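K.L.:
Next up is a structure, given as structure tokens.
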């Protein structure tokens, strides 16, 4: 009876392994057929086009942000619409495999972890450590020569702008920012630092220089530059680990989604 049971479990295990391998192969085949061909090294027009499809949405987003002198919900809504339209027009995803849903648990875990790292240094528990709080406010937020002033109001709260514009702010941060930034910061920059025809480099190949340079500049893009660098390291690790740009998009989107609800619930408007 025991021998029969062992044979049954071995047979079942082999069957499951075969099914999983078949699913992986099917996913890979489908993903490869959905990808646009990587430009040849000598095709400068195609290489330049692939670069701009990654850079243009991100650059336009930064330009619109710089032109907005005073934060406002209508301005953010306009930036969201323009940013999403540019991203859809550029369609940088054409050079990437489709999402690998087996990477979803790890992506959600990384997204939640980055959220905790982001809000942790400014959470209520830090009031018990005033020295740490002062040091983080002085060095971890904005440049060292400027001290962040706590905000007591936000133009994005429902009582100020209405739920529709608040929802647009959430959508922009959760979906549009995650798409635009991840295709630039994880899909483009670390590979472009290795060569102009960046698409020929595998997402899963780790190179220390491009990896850490990207994480540092990603952090400096945000006012919370220190935790921003940590976030850049984690998102970058996720892409290298999974070879899946969509895993980083999901993780980044979850981080921003949780952060938005945290800000609305706690009133920590400086985080938004």
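The values are calculated or read from the model by the stated rules, or taken from the named source; none is laboratory data. Bear in mind the structure is a predicted one, so any value in this text is a computation, not a measurement. Cβ: placed from backbone, ideal geometry, glycine included. Neighbour counts: every protein chain shown.
K.L.:
Residues that are assigned to a helix (DSSP H, G or I), out of contact with any strand residue (DSSP E or B) (no Cβ under 8 Å at 6 or more places or on another chain), modelled with pLDDT under 50 and surrounded by 10 or more Cβ atoms within 10 Å (Cβ to Cβ): does region 34-52 have at least one? Walk me through it before giving the result.
P.N.:
Taking region 34-52 and keeping what is assigned to a helix (DSSP H, G or I), we get 34, 44-52.
Next, only the ones that are out of contact with any strand residue (DSSP E or B) (no Cβ under 8 Å at 6 or more places or on another chain) stay: 34, 44-52.
Still in the running and modelled with pLDDT under 50: 34.
Among the residues that remain, those that are also surrounded by 10 or more Cβ atoms within 10 Å (Cβ to Cβ) are: 34.
Checking region 34-52: at least one residue is assigned to a helix (DSSP H, G or I), out of contact with any strand residue (DSSP E or B) (no Cβ under 8 Å at 6 or more places or on another chain), modelled with pLDDT under 50 and surrounded by 10 or more Cβ atoms within 10 Å (Cβ to Cβ).
K.L.:
Could you identify the single residue in 193, 230 that is surrounded by fewer than 21 Cβ atoms within 10 Å (Cβ to Cβ) and more than 24 Å from residue 112 (Cβ to Cβ)?
P.N.:
193
K.L.:
Pick from 200, 241: which is at pLDDT 95 or above and surrounded by fewer than 19 Cβ atoms within 10 Å (Cβ to Cβ)?
P.N.:
Checking each option against the conditions leaves just 241.
K.L.:
Continuing with the same structure: For the list (1) loosely packed, with under 14 Cβ neighbours inside 10 Å; (2) within 14 Å of the chain's Cα centre (by Cα), I need the number of the one condition that residue 115 fails.
P.N.:
Answer for residue 115: the failing condition is (1).
K.L.:
Further, regarding this structure: Pick from 194, 200, 169: which is free of Cβ contacts under 8 Å to residues at least 40 places away in the same chain and farther than 18 Å from residue 111 by Cα?
P.N.:
Every option except 194 fails the conditions.
K.L.:
For region 207-220, how many residues are modelled with pLDDT under 95 and surrounded by 16 or more Cβ atoms within 10 Å (Cβ to Cβ)?
P.N.:
Result for region 207-220: 1.
K.L.:
With respect to residue 97, determine if the residue is surrounded by 13 or more Cβ atoms within 10 Å (Cβ to Cβ) and at pLDDT below 95.
P.N.:
In short, yes.
K.L.:
To continue, here is another question. Can you name the condition, by its number, that residue 98 falls short on among (1) out of contact with any helix residue (DSSP H, G or I) (no Cβ under 8 Å at 6 or more places or on another chain); (2) in a loop (DSSP other than H, G, I, E, B); (3) under 21 Å from residue 37 (Cβ atoms)?
P.N.:
So the condition that residue 98 fails would be (1).
K.L.:
Being touching a residue at least 12 places away in the same chain (Cβ under 8 Å), under 23 Å from residue 267 (Cβ atoms) and either surrounded by 14 or more Cβ atoms within 10 Å (Cβ to Cβ) or under 20 Å from the mean Cα position of the chain (by Cα) (or both) narrows it down to one residue among 86, 65, 56, 142; which is it?
P.N.:
Only one candidate passes the filter, namely 142.
K.L.:
Of the residues 253, 270, 260, only one is surrounded by fewer than 18 Cβ atoms within 10 Å (Cβ to Cβ) and within 15 Å of residue 115 (Cα to Cα); which?
P.N.:
270
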